[in-house]
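Right, one structure below, let's go through it.
Every number here is computed from the coordinates shown, using simple stated rules; none is lab data. This one's a predicted model, so the numbers in the text were calculated from it and none came from an experiment. Neighbour counts run over all protein chains shown; Cβ positions are idealised from the backbone, glycine included.
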Amino acid sequence: MPTSSKTTETSVHLADTHLTDKEIQSLAQKANEIRISIIEALVEAGSGHTAGPLGMADVFTYLYFHELRHDPKNPDWPERDRLVLSNGHICPVLYASMAHAGYFGTDGVEKFTKSLRKYGSIFQGHPHREYMPALETSSGPLGSGLSQALGMALAERIDAGRSYKKWFWCMLGDGELNEGNNWEAAMLAGKEKIGNLIAIVDRNNIQIDGFTEDIMPLEPLSDKWQAFNWHVIEVNGHDFADIHRAVGEAKVEFDKPTIIIANTIPSKGVPDFERKYEWHGKPPNKEEGAMALKVLMELGQKLKRA
Ligand SMILES: Cc1ncc(C[n+]2csc(CCOP(=O)(O)OP(=O)(O)O)c2C)c(N)n1
Ligand SMILES: [Mg+2]
């Protein structure tokens with residue numbers, strides 16, 4: 001569960017702590033609820049991105065419901081972890097996670113599903129701090145978030161020394177890595193040994209108009225980050241135990257930034273949409289949405305009985 005602002009100790013996980021079966025089941029249920037909210041919101045909006053948000057629902061659920069030190073009722077809490085969403089187009093998963101965590105009041109989930117991308121809504125099509133002050137950054141133009149998260153971590157080092165009380169998270173897309181600015185940030189973070197910076201890349205193998213390896217090959221991706229002096233961990237982005245292990249490992253690596261390469265299935269949870277880059281930037285229509293909700297709700301029932 002989200003850590004309260006009353007907690008004062010530093011948030012260091014040991015690599016050998018495990019999630020219990022109950023915790024995993026509860027995270028799986030929450031991720032399923034978040035996927036349902038994403039589909040409802042996209043259908044209502046009639047525009048937006050499907051593949052990335054569904055694919056990253058497990059990682060975001062893990063962060064918002066297990067890992068992040070944050071307080072949804074006090075989003076400005078100075079001691080909070082900072083999460084920068086660099087691939088701003090996947091914001092439905094960020095908004096849904098925040099809404100379910102309680103950032104927008106008791107009817108926050110409904111507000112999100114009814115007003116995504118609506119004129120004047122806090123839930124803009126790309127995250128905008130002017131509309132939603134609880135965000136760390138505005139995003140949408142790809143390639144800026146890693147520099148921003150790094151800048152925050154460097155500022156924290158100047159302010160607080162190397163006490164590593166806070167963690168700086170940066171969410172990236174794999175196609176987003178085509179942007180050169182990522183590699184400038186990677187170089188500096190490696191040089192400065194920013195051990196409290198953890199980037200998570202959504203390695204879903206798709207980007208806007210095709211498969212990453214056809215458009216701009218990224219492999220060998222791990223080797224690239226290692227060459228920039230990062231600690232690299234590959235995980236199954238739908239396996240909570242694996243994500244937990246990786247985060248625990250990242251948090252005991254003090255002298256290198258960590259990148260977690262989260263292997264995900266784009267549109268995970270709705271088999272008809274899965275692994276198809278065509279779902280990068282389109283929403284389900286009403287019929288497709290109804291079918292997707294049926295699949296997810298059936299899964300929800302199964303998870304409850306498990
Ligand atoms: C600077 C910039 N160039 C182009 C775009 C348009 N754009 C939005 S998402 C996207 C593809 C990004 O690929 P990836 O990060 O893998 O996202 P996924 O398709 O997996 O959701 C592009 C090119 C943008 N938002 N910003
Ligand atoms: Mg991608």
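Side notes on the structure shown:
- Of the criteria (1) touching a residue at least 12 places away in the same chain (Cβ under 8 Å); (2) within 16 Å of ligand 2 (Cβ to nearest atom); (3) touching a helix residue (DSSP H, G or I) at 6+ places or on another chain (Cβ under 8 Å), which one Glu179 fails: (3)
- Options Leu150, Leu142, Leu172: the member that is crowded, with 20+ Cβ neighbours inside 10 Å, of a type outside the set (D, E, K, R) and more than 16 Å from ligand 2 (Cβ to nearest atom): Leu150
- Test: Gln226 is among the polar types (S, T, N, Q), crowded, with 21+ Cβ neighbours inside 10 Å and at negative phi: no
- On the stretch given as region 109-138, residues that are buried (at least 19 other Cβ atoms within 10 Å of the Cβ) and small (Gly, Ala, Ser) total 0.
- Scanning region 93-148 for residues that are within 15 Å of the chain's Cα centre (by Cα) and closer than 22 Å to Ile36 by Cβ returns Val93, Leu94, Tyr95, Ala96, Ser97, Met98, Ala99, His100, Ala101, Pro127.
- Criterion applied to Ile198, Ile206 was being under 22 Å from Ser139 (Cβ atoms), within 14 Å of ligand 1 (Cβ to nearest atom) and in contact with a Phe, Trp or Tyr (Cβ under 7 Å, 6 or more places away or on another chain), and the one residue passing it is Ile206.
- In the set (1) out of contact with any Lys or Arg (no Cβ under 6 Å at 6 or more places or on another chain); (2) buried (at least 21 other Cβ atoms within 10 Å of the Cβ); (3) under 18 Å from Ile34 (Cβ atoms), Gly269 fails one condition alone, (1).
- Selected residue (only one of Ala250, Ala227, Ala246, Ala262 is within 23 Å of Gly190 (Cβ to Cβ), small (Gly, Ala, Ser) and within 14 Å of ligand 2 (Cβ to nearest atom)): Ala262
- Filtered residues of region 108-134 (kept if touching a residue at least 40 places away in the same chain (Cβ under 8 Å), away from ligand 1 (no atom under 16 Å from the Cβ) and either more than 20 Å from Pro283 (Cβ to Cβ) or part of a loop (DSSP other than H, G, I, E, B) (or both)): Leu116, Lys118, Phe123, Pro133, Ala134
- Residue list for region 205-222, restricted to those being more than 20 Å from Pro283 (Cβ to Cβ), of a type in the set (S, T, N, Q) and within 11 Å of ligand 2 (Cβ to nearest atom): Asn205, Thr212
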